[in-house]
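Encoded as structure tokens, the structure appears first; notes follow it.
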Amino acid sequence: MPTYDVELIDIVKDFESGGSRVRAVDKVSVKIADGEFFALLGPSGCGKTTTLRLIAGFEQPTAGQVLIRGIAMEGIPAYHRPVNTVFQDYALFPHMTVEQNIMFGLQMEGVGKKEARKRAQEALDMVRLPDIGARKPQQLSGGQQQRVALARALVKRPAVLLLDEPLGALDLKLRVNMQYELKALQRDVGITFIYVTHDQEEAITMADRIAVMKDGEMLQVGAPREIYEHPGTRFVADFIGETNFIPADLIERAPDGSGAVRLSDETVIKAQLSKTLESSSGPVTMAIRPERVGIAKVGDSIDSADSDQTVLDARLVDSQYIGTDTRYTARIADDINLIVRVQNTSEREFSHFTIGQPVKVYWRQSSTTVLDR
Ligand SMILES: Nc1ncnc2c1ncn2[C@@H]1O[C@H](COP(=O)(O)OP(=O)(O)O)[C@@H](O)[C@H]1O
Ligand SMILES: [Mg+2]
């Protein structure tokens with residue numbers, strides 16, 4: 001049997017607040033592998049921080065079990081667990097130098113001063129701030145403080161590093177840079193990262209796997225690509241990236257996962273069914289990503305040799321230039337607005353169409369996902 005770094009088994013966490021009960025975590029079960037970069041993603045209040053705190057030992061589960069490296073954590077206090085946490089607000093000691101901040105935890109564990117100093121320097125090298133050991137936290141920029149907080153957590157060589165929105169306080173450009181650095185660092189040190197964020201782009205670019213949470217539940221766990229390409233529910237499809245949701249009726253459901261739906265204007269099209277689709281007929285939603293839809297003038301040739309291709313008549317109702325892309329709105333099936341995103345790889349794209357003109361929109365069947373309404 002493989003051992004996982006972190007295993008959550010049927011975890012429930014209820015809070016009492018003002019006489020009423022809040023279920024912050026609702027029957028969560030997940031296994032996180034050694035060396036994995038695992039993201040907990042979801043809107044504010046969905047239970048991400050509570051899940052992290054249960055792993056860290058700052059909270060005790062109402063029901064269920066936390067295992068770390070195969071060992072049940074019940075009764076084991078936070079400071080004896082092989083994990084460390086990086087908080088969004090860094091929580092550095094202001095009166096200590098950077099070096100003292102990093103050495104502090106080691107010295108509490110009884111590591112000698114010489115050894116602690118050596119390891120602090122290694123940790124600072126690791127986060128690429130080799131020369132700032134003598135400074136105080138307030139003499140550092142936000143990005144530097146974030147790295148020091150990271151160095152302080154890494155210096156104890158935890159099996160698992162828990163990070164709670166660690167880049168949330170940084171401005172956009174720095175945040176994007178830090179995303180790449182953190183990912184590279186994680187790869188180098190090989191420590192398991194459990195990373196909380198409400199930012200879907202951050203989760204997609206950094207994580208090996210993402211758990212999408214809502215109301216305390218883990219709705220879907222999978223690789224970024226799987227979550228993006230094959231969302232199991234409307235919530236997941238909507239939370240991650242932009243999606244067109246087209247109301248339709250399911251009229252055919254084949255055992256191989258393909259099927260057919262009917263749009264409001266009676267057009268029947270082939271579509272790919274979600275693996276978790278419950279409906280076998282009747283009202284459903286067909287999801288399709290804007291970048292998977294093509295747009296062409298009537299009469300322009302579309303590669304229709306592809307039998308997997310759906311081509312529909314539409315009318316262009318809006319066109320928005322957004323730098324790298326053009327975002328078109330095309331009306332299909334009477335009154336459904338379909339967003340189409342086309343990369344501006346040449347001058348041609350943006351000037352190609354006029355608002356109001358009839359157009360063709362097209363996509364591959366495999367780009368669609370039929371979800372429960
Ligand atoms: N100590 C607490 N007492 C009462 N309710 C709490 C406590 N901590 C969290 N909650 C509630 O639990 C839910 C999940 O919170 P949290 O895990 O912080 O969400 P997230 O980190 O995803 O924003 C929220 O409804 C929150 O108000
Ligand atoms: Mg939180």
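The values are calculated or read from the model by the stated rules, or taken from the named source; none is laboratory data. This one's a predicted model, so the numbers in the text were calculated from it and none came from an experiment. Cβ: placed from backbone, ideal geometry, glycine included. Neighbour counts: every protein chain shown.
Quick grid of which residues meet (1) part of a strand (DSSP E or B); (2) under 28 Å from Ser281 (Cα atoms); (3) not assigned by TED's automatic domain parsing to the domain that holds Gln272:
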{"position": "Thr310", "(1), (2), (3)": "yes, yes, no"}
{"position": "Ala314", "(1), (2), (3)": "yes, yes, no"}
{"position": "Ala330", "(1), (2), (3)": "yes, yes, no"}
{"position": "Val342", "(1), (2), (3)": "yes, no, no"}
{"position": "Ser346", "(1), (2), (3)": "no, no, no"}
{"position": "Gly356", "(1), (2), (3)": "no, no, no"}
{"position": "Tyr362", "(1), (2), (3)": "yes, yes, no"}
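Taking the condition of being at pLDDT 95 or above and not in a helix (DSSP H, G or I), how many residues in region 210-242 meet it? Result for region 210-242: 14. Residues in region 80-98 that are in contact with a strand residue (DSSP E or B) (Cβ under 8 Å, 6 or more places away or on another chain) and either at pLDDT 90 or above or on the phi > 0 side of the Ramachandran plot (or both): Arg81, Pro82, Val83, Asn84, Thr85, Val86.
Among strands (runs of 3 or more DSSP E) entirely within region 2-75, having at least 1 residues that are within 15 Å of ligand 1 (Cβ to nearest atom), within 30 Å of Gly241 (Cα to Cα) and among the basic types (Lys, Arg) singles out 6-17, 20-32. A count restricted to region 112-134 and to residues that are in a helix (DSSP H, G or I) and either touching a residue at least 24 places away in the same chain (Cβ under 8 Å) or under 31 Å from the mean Cα position of the chain (by Cα) (or both) stands at 7. Based on what the data block shows, is Asn244 surrounded by fewer than 18 Cβ atoms within 10 Å (Cβ to Cβ) and under 31 Å from the mean Cα position of the chain (by Cα)? No. Scanning region 264-304 for residues that are polar (S, T, N, Q) and either modelled with pLDDT of 95 or more or in contact with a helix residue (DSSP H, G or I) (Cβ under 8 Å, 6 or more places away or on another chain) (or both) yields Gln272, Thr285. Gln121 falls short of the stated requirement of being within 16 Å of ligand 1 (Cβ to nearest atom) and surrounded by 15 or more Cβ atoms within 10 Å (Cβ to Cβ).
Of all residues in region 269-284, those that are in contact with a Leu (Cβ under 6 Å, 6 or more places away or on another chain), of a type in the set (A, V, I, L, M, F, W, C) and in a loop (DSSP other than H, G, I, E, B) total 0. For region 147-197, residues that are exposed (fewer than 15 other Cβ atoms within 10 Å of the Cβ) and of a type in the set (Lys, Arg) total 3. Tell me yes or no: at least one residue of region 253-263 is part of a strand (DSSP E or B) and within 16 Å of ligand 2 (Cβ to nearest atom). Looking for residues that are part of a strand (DSSP E or B) and within 16 Å of ligand 2 (Cβ to nearest atom), one finds none in region 253-263, hence no. Among the numbered conditions (1) farther than 22 Å from Phe239 by Cβ; (2) away from ligand 2 (no atom under 16 Å from the Cβ), the only one that Arg53 does not meet is (2). Scanning region 1-21 for residues that are of a type in the set (A, V, I, L, M, F, W, C), closer than 22 Å to Gln220 by Cα and without any contact (Cβ under 8 Å) to a residue 60 or more places away in the chain yields Leu8, Ile9, Ile11, Val12. Against the test of being charged (D, E, K, R), crowded, with 21+ Cβ neighbours inside 10 Å and either closer than 20 Å to Leu163 by Cα or away from ligand 2 (no atom under 16 Å from the Cβ) (or both), the options Lys136, Lys31, Lys48 yield a single qualifying residue, Lys48.
The single condition from (1) within 22 Å of Val148 (Cα to Cα); (2) within 15 Å of ligand 2 (Cβ to nearest atom); (3) not in a loop (DSSP other than H, G, I, E, B) that Asp89 fails is (3).
Exactly one residue out of Leu161, Leu140, Leu154, Leu129 is within 29 Å of Glu202 (Cβ to Cβ) and touching a Ser or Thr at 6+ places or on another chain (Cβ under 9 Å): that is Leu161.
Taking only region 76-86 into account, find how many residues are without any contact (Cβ under 8 Å) to a residue 24 or more places away in the chain and part of a loop (DSSP other than H, G, I, E, B).
Residues meeting the conditions: 2.
Enumerate the pairs (first residue in region 56-75 and at positive phi; second residue anywhere and among the β-branched types (Val, Ile, Thr) and assigned to a strand (DSSP E or B)) with beta-carbon separation below 7 Å, excluding pairs fewer than 6 apart on the same chain, so at least 6 apart or on different chains. Cβ pairs passing all conditions: Gly64/Ile9; Gly64/Ile11; Gly64/Val12. For region 149-166, the criterion of a residue being touching a Pro at 6+ places or on another chain (Cβ under 9 Å) and assigned to a helix (DSSP H, G or I) is satisfied by at least one position. Please verify whether Val293 is within 29 Å of the chain's Cα centre (by Cα), crowded, with 16+ Cβ neighbours inside 10 Å and more than 30 Å from Leu219 (Cα to Cα), treating the condition exactly as stated. Against the criterion (within 29 Å of the chain's Cα centre (by Cα), crowded, with 16+ Cβ neighbours inside 10 Å and more than 30 Å from Leu219 (Cα to Cα)), Val293 does not qualify.
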